[in-house]
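Here's the structure, in structure tokens; my notes come after.
What follows is calculated from the coordinates using simple rules that are stated; it is not laboratory data. In this text the structure is predicted, and so the values were computed from the model without any measurement. Positions of Cβ are backbone-derived with ideal geometry, glycine not excepted, and every protein chain shown enters the neighbour counts.
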Amino acid sequence: MKDLSRAVRRHRGLLAGGLVAAAVATALPTLAPDPVATLLVMTAAHDLGPGVPLSDADVALIALPRSLAPQGVLTSAGQVVGRAVAGRVRRGEPLTDVRLLGAGLVSDRGTVAAPVRLADPATAALLHAGDRVDVLATPTQATAEASATTVARDLRVLAVPGVDDSDGALVVLAAPPAVATRLAGAAVSNRLSVTVLPS
């Protein structure tokens, strides 16, 4: 008994350390936070420009916390490769269904893609695919009485190619054929502009 007491006193530090380690090991699973649920999503592997079909080298698959994944995010290369982004995309940005164009610009029956050249390139820079706009026309030969008139209402922006020159900047709008014809006619003798509608 004396030998046991002597051994306990001699190794008291080791025993205490062992008990502390056992307590910590028991408590760790309780204290550790639950693992964060993730989702594998497609992102841009580098900065992307609009209108160019994407290849495998243009996209990357990363794990993103489910709580941070945007609605409509794409989760496989098959959903992305061969399609083009509607506007500029930064490296690492998750790719969603509304950021990509399909095999054709429009899929709704009775709707066509109507290219519209805006007089002010800075206005086009404010637009993104999915925005909704009204199109206004102002006569190029302006008079004191001339004012802007609305030639089309509530059109969806399909793409903003971003190419601008002295004649303005091009945007592509989804429009019924009759409205597309009206836009083309208005562009002949008018400067076109847009107002952005609330989303």
- Note on the structure: Residue-ordered couplings for the range 66-76, obtained by feeding phi - 60° into the Karplus form 6.51 cos²θ - 1.76 cosθ + 1.60 and rounding to whole Hz (Gly and Pro as x), are 4, 5, 9, 6, x, 4, x, 5, 8, 10, 8
- Message: Using the Kirkwood radius over C-alpha pairs as Rh, can you work out the diffusion coefficient of the range 112-196 via Stokes-Einstein at 25 °C, viscosity 0.890 mPa s, in µm² per second?
- Response: 194 µm²/s
- Query: Given charges of +1 on the Cβ of Lys and Arg and -1 on the Cβ of Asp and Glu, with all other atoms neutral, how large is the dipole of the range 38-101 about its Cα centre, in debye to the nearest 20?
  - Reply: 140 debye
- Listed by chain and number, the residues whose amide H is under 5 Å from that of residue 168, excluding neighbours fewer than 5 places away on the same chain and using placed H, are none
- Query: What is the set of long-range amide H partners of residue 197 at a cut-off below 5 Å, with H atoms built 1.01 Å from backbone N?
  - Reply: 132, 133, 134
- Message: Normalised by the empirical 2.2 N^0.38 Å for globular proteins, what value does the Cα Rg of the range 38-101 take?
- Response: 0.98
- J(HN,Hα) series, the range 55-64, from Karplus relation 6.51 cos²θ - 1.76 cosθ + 1.60, nearest Hz, glycine and proline x: 10, 4, 6, 8, 10, 9, 9, 10, 8, 10
- Rounded to whole Å and ordered largest first, report the semi-axes of the equivalent ellipsoid of the range 64-103 derived from its Cα gyration tensor (root of 5λ). 18, 12, 9
